[in-house]
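**Q** Pasting in a structure now, in structure tokens, and then I'll have a few things to ask.
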Amino acid sequence: MPNTVQDFLTLAYQENCSCIVSFEQSDGTKDMGEYNPADNQVLKKGQLSVACGRDKVANEYSIQKGLTIEFTGSTQNEGGKSTLRHFEFTDWNQTGNVPCSPAKYVAFLKDVEIASSNGPVLVHCRDGGSKSGMFCVMAFLVEKMVVEHEVSVVNAVRKVKARRPNAVPNQAQFDFCHDCVLEFVRSFKTYSNIGGNI
């Protein structure tokens with residue numbers, strides 16, 4: 001929300017987030033707070049300044065760019081700077097409540113995983129759960145597949161819903177999680193033995 005942008009940026013800065021994942025494209029309405037400045041611009045919110053770098057990468061499912069959050073405290077010791085990646089997922093099927101392609105969604109998850117190796121990921125959507133909740137379920141499933149070589153979509157959804165009840169709010173998203181798991185296994189089957197017994 002517009003009145004919580006400074007809190008949002010402070011959270012990203014204080015937690016040393018490695019990246020922010022957004023499932024909402026700015027539509028110019030006043031109910032959505034802007035924290036992501038235009039290319040080569042600076043946005044000031046209280047003691048925080050956010051600058052967008054030139055290294056913007058756009059592909060068929062997302063837009064990635066670098067953000068620098070600078071905190072200018074009241075004393076010399078309080079100042080600091082944090083650089084992170086910003087991912088905006090653009091391949092969302094607005095009428096079907098799911099992304100357009102499991103393959104593109106899995107590729108997006110891999111992009112975020114690569115960028116997030118040195119810190120937490122801050123994920124958000126308009127209602128705080130319907131789109132970002134599915135991302136958290138899939139990130140959890142991918143991690144379990146890599147480590148344990150087996151997963152339960154039902155258990156993953158249950159774990160995320162315990163903290164965020166509006167995560168995966170419909171059957172279409174639940175089915176999409178299954179499709180993404182199969183796509184993940186297919187994408188790695190030739191490189192490892194994850195899918196050996198499928």
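**Q** Taking 7 Å along the Cα-to-C-beta vector as the label spot, tell me the Leu182-Asp7 distance in nanometres, rounded to one decimal.
**A** For Leu182 paired with Asp7, the spin-label model returns 4.2 nm.
**Q** Give the relative contact order (percent, whole number) for the chain; include only Cα pairs under 8 Å separated by 6+ residues. Mind dumping the intermediate values first?
**A** Numbers: 315 pairs, mean separation 39.1, N = 198.
About 20 percent, as a whole number.
**Q** Calculate, in nm to one decimal, what Gln25 and Thr83 gain on full extension: separation in residues at 0.36 nm each, minus their alpha carbon distance.
**A** Working: separation 58, 0.36 × 58 = 20.88 nm, distance 2.13 nm.
Gain on stretching Gln25 to Thr83: 18.7 nm.
**Q** Here's a follow-up. How far apart, in nm, are the 7 Å Cα→Cβ label points at Ala162 and Arg126?
**A** Using points 7 Å along Cα→Cβ, the separation is 3.1 nm.
**Q** Here's another thing I want to ask about it. At Thr95 and Gln14, where each label point lies 7 Å from the Cα along Cα→Cβ, what is the point-to-point distance in nanometres?
**A** 4.4 nm
**Q** Please compute the contact order of region 127-198 in relative form: average sequence separation of alpha-carbon pairs under 8 Å and at least six residues apart, divided by the residue count, as a percent. Let's see the in-between values first.
**A** Values: 61 pairs, mean separation 26.1, N = 72.
Computed value for region 127-198: 36 percent relative contact order.
**Q** Working from Cα positions, state the angle (0 to 90°, nearest 10) between the long axis of helix 153-163 and the longest principal axis of the chain.
**A** Helix 153-163 sits at roughly 30 degrees to that axis.
**Q** Oh, and also: Could you give the angle, 0 to 90 degrees to the nearest 10, between helix 5-14's Cα long axis and the longest principal axis of the Cα atoms of the chain?
**A** Approximately 80 degrees, to the nearest ten.
**Q** How do 140-148, 81-89 rank on mean C-beta neighbours within 10 Å, highest first? Walk me through the numbers on the way to the answer.
**A** Numbers: 140-148: 15.1, 81-89: 19.0.
Ranked from most to least packed, the peptides come out as 81-89, 140-148.
**Q** Let me ask something else about it. I'd like the orientation of helix 132-148 relative to the chain: the angle between its Cα long axis and the longest Cα principal axis, in ° from 0 to 90, rounded to 10.
**A** The two axes meet at around 60 degrees.
**Q** I need to check one value: relative contact order of region 55-170, counting alpha carbon pairs closer than 8 Å and at least 6 residues apart, in percent. Present the calculation step by step, with values, prior to reporting the outcome.
**A** Values: 120 pairs, mean separation 19.4, N = 116.
Relative contact order for region 55-170 comes out at 17 percent.
**Q** Rounded to the nearest 20 debye, what is the charge dipole size of the chain about its Cα centre when +1 sits on each Lys and Arg Cβ and -1 on each Asp and Glu Cβ? Could the numbers behind the result be given before it?
**A** On the way: 20 positive and 22 negative charges, 40 e Å.
Once rounded to the nearest 20, the dipole reads 200 debye.
**Q** Summing -39500 (n - 2.57) over the DSSP H runs of n ≥ 4 in the chain and dividing by its residue number, what mean residue ellipticity at 222 nm do you reach, to the nearest 500 deg cm²/dmol?
**A** Details: 5 runs with 71 residues, N = 198.
That comes out to -11500 deg cm²/dmol.
**Q** Separation of region 93-171 and region 1-22 by C-alpha centroid, Å?
**A** Computed from Cα coordinates, the inter-centre distance equals 19 Å.
Laboratory data are not the source of any read-out in this text; all were calculated from the coordinates shown. Owing to the predicted nature of the structure, the values given are computational and were not obtained by experimental measurement. Cβ atoms come from the backbone with ideal geometry, glycine included; neighbour counts cover every protein chain shown.
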